[in-house]
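S.K.: I have a structure here, written as structure tokens, and I will follow up with some questions on it.
The values are calculated or read from the model by the stated rules, or taken from the named source; none is laboratory data. Since the model is a prediction, treat every value here as computed from it, not as a measurement. Here the Cβ is made from the backbone with ideal geometry for all residues, glycine too, and neighbour counts use every protein chain on show.
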Amino acid sequence: MPRHGANKKGPMSIQLINHKVYQPGDTILGMVTIKQGAKEKPVTNLALKLCCRAKVKIDKHDSNSRRIYRSRAFFLQTSEAVAVDSRNLDSEGNTCASFSVDIPAVPAKCPGSDVFDRSGDFRSNKGSPQEELPGIFYLGSSRSFWAGVKQEAYIEYWLEAHSSLVSHPATYPLFVRPRSAEKPTQDFNFLTKRYHVSLVSQRLQSEHAGTELTFRQKSRRFFTPGKVPKYTFRVMLSVPRTYQLEHPEPLPLKLWLNPILNEKSITIYNGNLAALPPVTLRTVHASLKSTCEVRAPGTLTDHEASADSKHAQRRGISTTPNRAGPGQALSIRVSHGGMSKQGSRRAATTAGEEKIYPSFATYNIALSYRLSLKLHLICGGEERELEYAGPIELLAASEEQARAREEALGEEGMRRNYDGLDVALGTAGDVIEGLGDILEAALG
């Protein structure tokens with residue numbers, strides 16, 4: 001599916017003066033360079049467009065048929081005249097026209113878009129446009145052709161220079177991210193889930209802790225349960241339903257344990273809580289499942305229909321806490337590049353994984369996440385596994401974190417990322433090779 005890289009085929013080209021990750025409300029500074037022969041009529045004016053669109057392609061096929069569905073939604077289509085002074089030349093004698101373009105703060109109603117109703121997480125463009133501009137996004141599904149469904153989706157921004165005297169317009173892609181909160185969020189929208197754990201075993205007694213029980217000892221819990229030690233407790237797991245990419249604090253997962261102190265629930269309590277057998281958090285496995293939903297209203301074949309599709313990917317890590325007591329936070333981090341284990345600042349995603357973007361929803365693309373946890377507890381040699389799964393919203397990195405990232409890159413680093421974006425967008429085929437690493441370098 002075609003994307004707008006830097007078009008250098010014609011006599012015109014676009015260069016940026018301030019290479020950066022732009023945001024709604026920012027000003028783009030640059031120039032259009034025009035190479036013309038001495039006998040050609042000089043270009044005296046240009047039209048410079050700033051565009052943003054979301055585009056989707058769904059390829060569905062089986063042994064008997066193949067259908068391709070496409071959709072597009074525009075968020076920006078601004079155009080302004082740029083005066084050209086033939087006396088303004090560069091070192092090679094080419095005419096240069098400087099420009100200054102403001103990125104609007106909000107989307108606009110644009111022609112050329114498909115019409116979308118509100119459905120699930122998707123928004124509608126029948127009335128007023130959505131409240132905020134989306135950031136750039138690229139998803140290239142690498143599923144096998146024979147798997148039945150293949151999809152591609154992207155949101156892109158680009159500049160486009162036109163002249164009636166030049167056959168090929170000049171284009172240039174842009175890095176654009178949505179505005180975020182100034183400081184890292186402290187509102188994690190916690191959800192607390194309670195688990196009831198009951199252990200019945202001879203190993204709850206200190207003299208049998210960690211030992212292998214005989215068959216006779218194991219069978220007592222079935223034939224004489226009243227004589228087997230019993231320990232019942234509640235586990236409370238507090239999980240965030242909102243988190244922020246590149247947050248300086250780890251994913252705030254917390255665990256509490258409360259013994260149930262009554263005769264029916266516990267038979268080993270002697271009035272001293274410290275004498276109860278310790279409960280240890282042995283391992284934690286966390287996985288983040290991203291689901292990209294796309295939709296398209298029609299097909300390229302004669303049969304008119306609509307289609308939607310989902311592309312899901314799961315990232316998982318396991319960590320062994322050095323010490324996990326009641327109320328202790330578990331250090332797991334989430335960044336644009338992936339999930340990281342306890343004690344490390346970053347962990348690269350494996351080959352083929354999509355990068356992690358903030359949650360968002362537009363007219364034809366919606367990206368959501370689901371956090372799953374498996375906690376392995378052990379008490380007196382008895383093991384239990386607790387599971388949790390629920391939605392989590394990933395916010396864009398704070399302005400403070402984003403500025404630090406751009407300062408670390410510097411002007412030269414950002415220029416290299418723009419060059420890399422141009423190369424990646426020019427890659428042939430449906431899958432965008434190498435683009436995820438470039439986006440990670442630019443966006444964090």
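S.K.: Looking at the structure I just gave you, is Leu213 modelled with pLDDT under 70 and within 30 Å of Glu382 (Cα to Cα)?
M.R.: In short, yes.
S.K.: Could you list, in sequence order, the residues of segment 414-442 that are out of contact with any helix residue (DSSP H, G or I) (no Cβ under 7 Å at 6 or more places or on another chain), in a helix (DSSP H, G or I) and either at pLDDT below 55 or exposed (fewer than 15 other Cβ atoms within 10 Å of the Cβ) (or both)?
M.R.: If the condition is that a residue be out of contact with any helix residue (DSSP H, G or I) (no Cβ under 7 Å at 6 or more places or on another chain), in a helix (DSSP H, G or I) and either at pLDDT below 55 or exposed (fewer than 15 other Cβ atoms within 10 Å of the Cβ) (or both), then Arg415, Asp419, Val423, Gly436, Asp437, Leu439, Glu440 are the ones that fit.
S.K.: Could you list, ordered by first residue, the pairs with Cβ atoms under 6 Å in which the first is in segment 41-67 and over 30 Å from His162 (Cβ atoms) and not assigned by TED's automatic domain parsing to the domain that holds Asp85 and the second is assigned to a loop (DSSP other than H, G, I, E, B) and among the aliphatic types (A, V, I, L, M), at least 6 apart or interchain?
M.R.: Every condition considered, no pair remains.
S.K.: Filter segment 243-287 down to residues that are assigned to a strand (DSSP E or B) and among the aromatic types (Phe, Trp, Tyr), then give me how many there are.
M.R.: Result for segment 243-287: 2.
S.K.: Continuing with this model, one more query. Among the residues of segment 160-185, what is the count of those that are within 19 Å of Val106 (Cβ to Cβ) and outside any loop (DSSP other than H, G, I, E, B)?
M.R.: Residues in segment 160-185 being within 19 Å of Val106 (Cβ to Cβ) and outside any loop (DSSP other than H, G, I, E, B): 2 in total.
S.K.: If you don't mind, another one. Looking at segment 29-51, which of its residues are in a loop (DSSP other than H, G, I, E, B) and surrounded by fewer than 19 Cβ atoms within 10 Å (Cβ to Cβ)?
M.R.: Lys35, Gln36, Gly37, Ala38, Lys39, Glu40, Lys41, Pro42, Thr44
S.K.: Continuing with the same structure: For segment 52-66, state whether one or more residues are touching a Gly at 6+ places or on another chain (Cβ under 6 Å), within 30 Å of Leu367 (Cα to Cα), modelled with pLDDT under 90 and not in a strand (DSSP E or B).
M.R.: No, segment 52-66 has no match at all.
S.K.: Let me ask you something else. Among the residues of segment 67-107, how many are farther than 30 Å from Lys41 by Cβ and either among the aliphatic types (A, V, I, L, M) or outside any loop (DSSP other than H, G, I, E, B) (or both)?
M.R.: 14
S.K.: Let me ask another. Look at segment 77-115 and say how many of its residues are surrounded by 14 or more Cβ atoms within 10 Å (Cβ to Cβ) and of a type in the set (Asp, Glu).
M.R.: Total satisfying the criteria: 1.
S.K.: Regarding Gly10, is this residue modelled with pLDDT of 85 or more and part of a loop (DSSP other than H, G, I, E, B)?
M.R.: Criteria not met by Gly10.
S.K.: Among Phe74, Phe175, which is free of Cβ contacts under 8 Å to residues at least 40 places away in the same chain and surrounded by 20 or more Cβ atoms within 10 Å (Cβ to Cβ)?
M.R.: Phe74
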